[in-house]
């Protein structure tokens, strides 16, 4: 038998979430954002499900685009951070990728390229996120320049909301409304692709295309709003099993650094999951997992391949008992909050050595 840890990927939940996002997107073009191997869920195996609901897939690395083309994906593919080298243009031309343009160097590469086919590009506008893109006042001149490159078609103006969460305080500087206000002078110049997941769920941006991300996978984009309240279900359940037990007497310790010291007779269980699988090693006094439907604390330091839990109050656990690290009974956002991070990070950090198992 192989090591028991696995990421169970519920394609029915993915279908449900995509159906909801499709309905909220209306007639707008719907990009499914699948960078980082579909946020750790395993992109190739999910292509048939995405094909039923989205108009195109947005990803990071041109090689990922080649992989999904070879796997049969025929719809649109968007390089969401654009081309990273002049050589990427040839790959985009061959495989029919669309690309974001967000800096001068990318334009210079396009001006020197010898395109065989029309290359569809999305012009990135920096409205306050201050990562990628041209400032609004520069857009008309950049558009003029792109329109004069043979076989380059500018599809739309693309921007990204920095704070689309519904609980983001509206007296802070970079609100959705402030970012939309920065685009007023550009309305009518091009169609717009503005809304990320939070934009789709909670804002009216007046755009023609949208980009769905984390909610496709059943995770709320706002850590203060539950997925359940949004009507979405977690797609990934990270699951393992108990592989050993130890009985500790008061004063005995476990793990590297002996961080946990028993204050009572303690039944300790060892779970096949460690930081090499993607479970954080950092301290967190609120760490829990679910065993036999009940939450129990994670104790001691997390090892590379194992973690330890206190199952003293669960007399019926046994070798092979299932352990939910996060998923349907323990939301990944809740787990992440205890570590001072977000669910996105935990999902993306699940190591490739953890098998992704599709369930329907």
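The values are calculated or read from the model by the stated rules, or taken from the named source; none is laboratory data. Everything numeric in this text was worked out from a predicted model, so none of it was measured. Cβ atoms come from the backbone with ideal geometry, glycine included; neighbour counts cover every protein chain shown.
Among the candidates 346, 358, single out the residue that is in a helix (DSSP H, G or I), touching a residue at least 12 places away in the same chain (Cβ under 8 Å) and closer than 24 Å to residue 212 by Cα.
Residue meeting the stated conditions: 346.
Name the residue, out of 40, 26, that is buried (at least 17 other Cβ atoms within 10 Å of the Cβ) and either in the same structural domain as residue 97 (by TED's automatic domain parsing) or touching a strand residue (DSSP E or B) at 6+ places or on another chain (Cβ under 6 Å) (or both).
After ruling out the rest, the residue left standing is 40.
Would you check which residues across the stretch 162-201 are more than 15 Å from residue 28 (Cβ to Cβ), touching a strand residue (DSSP E or B) at 6+ places or on another chain (Cβ under 9 Å) and assigned to a loop (DSSP other than H, G, I, E, B) and list them?
164, 182, 183, 189
List the residue pairs whose Cβ atoms are under 8 Å apart, where the first residue sits in the stretch 1-29 and is without any contact (Cβ under 8 Å) to a residue 60 or more places away in the chain, the second is surrounded by fewer than 17 Cβ atoms within 10 Å (Cβ to Cβ) and part of a loop (DSSP other than H, G, I, E, B), and the two are 6 or more positions apart or on different chains.
Short answer, once both residue conditions are applied: 15/52.
Among the residues of the stretch 52-92, which ones are within 20 Å of residue 124 (Cβ to Cβ), assigned to a helix (DSSP H, G or I) and more than 21 Å from the chain's Cα centre (by Cα)?
88, 89, 91, 92
Quickly run through the stretch 225-243 and pick out the residues that are exposed (fewer than 13 other Cβ atoms within 10 Å of the Cβ), under 19 Å from the mean Cα position of the chain (by Cα) and not in a loop (DSSP other than H, G, I, E, B). Working first, answer last.
Filtering the stretch 225-243 for residues exposed (fewer than 13 other Cβ atoms within 10 Å of the Cβ) gives 228-229, 231.
Going one step further and asking which of them are under 19 Å from the mean Cα position of the chain (by Cα), we end up with 228, 231.
The one that is exposed (fewer than 13 other Cβ atoms within 10 Å of the Cβ), under 19 Å from the mean Cα position of the chain (by Cα) and not in a loop (DSSP other than H, G, I, E, B): 228.
Sort out which residues of the stretch 93-107 are under 22 Å from residue 133 (Cα atoms) and more than 23 Å from the chain's Cα centre (by Cα), and write them in order of number.
103, 104, 105, 106, 107 - these are the residues of the stretch 93-107 that are under 22 Å from residue 133 (Cα atoms) and more than 23 Å from the chain's Cα centre (by Cα).
Do the conditions hold for residue 127, that is, is it in contact with a strand residue (DSSP E or B) (Cβ under 9 Å, 6 or more places away or on another chain) and exposed (fewer than 14 other Cβ atoms within 10 Å of the Cβ)?
no
Listed residues 295, 356, 264; which is under 26 Å from residue 2 (Cα atoms) and surrounded by fewer than 17 Cβ atoms within 10 Å (Cβ to Cβ)?
None of the others qualify; the one that does is 295.
Being in contact with a strand residue (DSSP E or B) (Cβ under 6 Å, 6 or more places away or on another chain) and more than 18 Å from residue 261 (Cα to Cα) is the filter here; which residues of the stretch 280-305 pass it?
Once the filter is applied, which keeps residues that are in contact with a strand residue (DSSP E or B) (Cβ under 6 Å, 6 or more places away or on another chain) and more than 18 Å from residue 261 (Cα to Cα), the stretch 280-305 yields 289, 290, 291, 295.
Could you say which residue among 284, 333, 316 is in contact with a helix residue (DSSP H, G or I) (Cβ under 7 Å, 6 or more places away or on another chain), at pLDDT below 95 and either surrounded by fewer than 19 Cβ atoms within 10 Å (Cβ to Cβ) or at negative phi (or both)?
So the residue among 284, 333, 316 that is in contact with a helix residue (DSSP H, G or I) (Cβ under 7 Å, 6 or more places away or on another chain), at pLDDT below 95 and either surrounded by fewer than 19 Cβ atoms within 10 Å (Cβ to Cβ) or at negative phi (or both) is 284.
Taking the stretch 309-333 as the region of interest, how many residues are farther than 25 Å from residue 232 by Cα and in a loop (DSSP other than H, G, I, E, B)?
11
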